[in-house]
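The structure under discussion appears below in the form of structure tokens.
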Amino acid sequence: MKLTAIVKLLPSDEQRQNLYQTLERANAACNWISAQAWDAKVFGRVPVHRLTYAPVREQFELTAQLVVRCIGKVVDSYKSEKQTKHLFQKLGSVPYDSRILNWRIPKQNVSIWLLGGRQEIQFVAGATHLALLAFQKGESDLVYRKGEFYLYTTCDVPEDTVIDIESFLGVDLGIKNIATDSDGRFYSGKHLLSVRHRHRRLRSKLQKKGTKSAKRKLQQFSGKESRFAHDVNHCISKQLVKNAKDTGRGIALEDLNGIRDRVTVRRRQRDVLHSWSFDDLQMKIAYKAKRAGVPVQWVDPRNTSRQCSDCGYADKANRPSQSTFLCTRCGHAAHADVNAAINIGRRGSVNAPNAVGEVGENPAPTASP
């Protein structure tokens, strides 16, 4: 399976300047290529290459392979949208392949083509990403973010053999409890909600103030909440996959595509609903499960929170409050999220033949660990 490893470059002052200039020159070339493609109304790789390759080599003084990668970047951007001319940021990411970027993993450096010639630059990364580099294969993107340079590179990581299963661990996703499994484990969202509320309040104050120092603080502040939420989701997904694998079960998840369009909430709850990162959590569960050989089954979420896990009776009245489930037919009482997770797990078991061997088909793209 394809995962992304991220490393941070440690350039010297001269190398840093070369990195800046290379990104600026490459993105200027992308904008020129985009303008020519737009004027000529040609967007295929071969016609754009024939139209722009020689002029770009002469005008921007880039190496041949970097020009090819710039053409590829422009063509790829037009694949999904051809109604407007595309412009690229001054320091936008630039793709590199093995002809202009060589990984030297034991030495923790890369040999990369920049304006001024080849440069050897040291890099650092966390243990997880360093381990992924053993499977590095394919393109890498040179990325500038908040004053630092990074390489995002594709790694083709082998998957574990899919385990034999007889049942599924059901997982109910929510806002108050980020996740609840059918074994009765709760993964509380209380701390994450408080962090989101505090950050929202602070952003509002800084935006109203509008001074230079406030704007500088906003810049430093940006992305902090998102990084925290990603870390929480990584921890939860890792534990869910481990629990499923240790007990020889698959994972059943709700197919929540389009839920934000279907659900209506009060005005004061809209921020909470639209900051709900269920899709990110599902994506992380899916790719971690796929890597561990744990099957994932996507099930219909309708009435999972209203259906009794004991007798199967479904009614809106079965859910008297957010956390309480009380069946009006048989009297079965349980925590509402646990009851829903049990129903989800059973629906996965019903559809089990469709799950084994095809993990995370529903909405989950690959992601970095």
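Computed from the coordinates by the stated procedures, all read-outs in this text should not be read as laboratory data. These numbers were taken from a predicted model, which means no experiment stands behind them. We place every Cβ from the backbone using ideal geometry, glycine too, and count neighbours over all the protein chains shown.
Give the residues of the range 57-89 whose amide nitrogen is closer than 14 Å to a point set 7 Å from the Cα of residue 42 in the direction of its Cβ. Residues 75 qualify, since their backbone N sits under 14 Å from the label point. Put in line by how crowded their Cβ is, counting other Cβ atoms within 10 Å and starting with the fewest, 283, 1 read 1, 283. What is the distance in Å between the Cα centroid of the range 85-148 and that of the range 169-245? Result: 29 Å between the Cα centres.
Which of these values of semi-axes √(5λ) of the Cα gyration tensor in Å was calculated from the structure shown: [x] 45, 25, 21; [y] 29, 25, 25; [z] 31, 27, 19? After the calculation, the listed value that fits is [x].
Defining a contact as two alpha carbons under 8 Å apart and six or more residues distant in sequence, what relative contact order in percent does the range 2-156 show?
35 percent.
Computed about the Cα centre, the dipole magnitude for the chain is approximately 2040 debye when only Lys and Arg (+1) and Asp and Glu (-1) carry charge, each at its Cβ. Against the chain, whose longest principal axis is taken from its Cα atoms, helix 212-221 shows a tilt of about 70°.
Residues with beta-carbon under 10 Å from that of residue 102, excluding residue 102: net charge, scoring Lys, Arg +1 and Asp, Glu -1?
On the way: positive: 99, 104, 118; negative: 120.
Combined, the nearby Lys, Arg, Asp and Glu give +2.
For a 4.7 Å threshold on C-beta separation, the list of partnerless cysteines in the chain reads 30, 70, 155, 235.
Within the listed set 330, 70, 235, the Gaussian network model of the chain (springs between alpha-carbon atoms below 10 Å) gives the highest mean-square fluctuation for 330. When only Cα pairs below 8 angstrom with a gap of at least 6 residues are kept, the range 82-235 shows a relative contact order of 12 percent. Look at the alpha carbon pairs under 8 Å that are at least 6 residues apart: their mean separation over the length of the chain gives a relative contact order of 19 percent.
Near residue 158, within a Cβ-to-Cβ distance under 12 Å, what is the net charge of the other residues, with Lys and Arg +1 and Asp and Glu -1?
Working: positive: 2, 137, 290, 291; negative: 156, 159, 160.
Cβ neighbours under 12 Å give a net charge of +1.
Relative to the longest principal axis of the Cα atoms of the chain, the long axis of helix 336-350 makes an angle of roughly 80 degrees.
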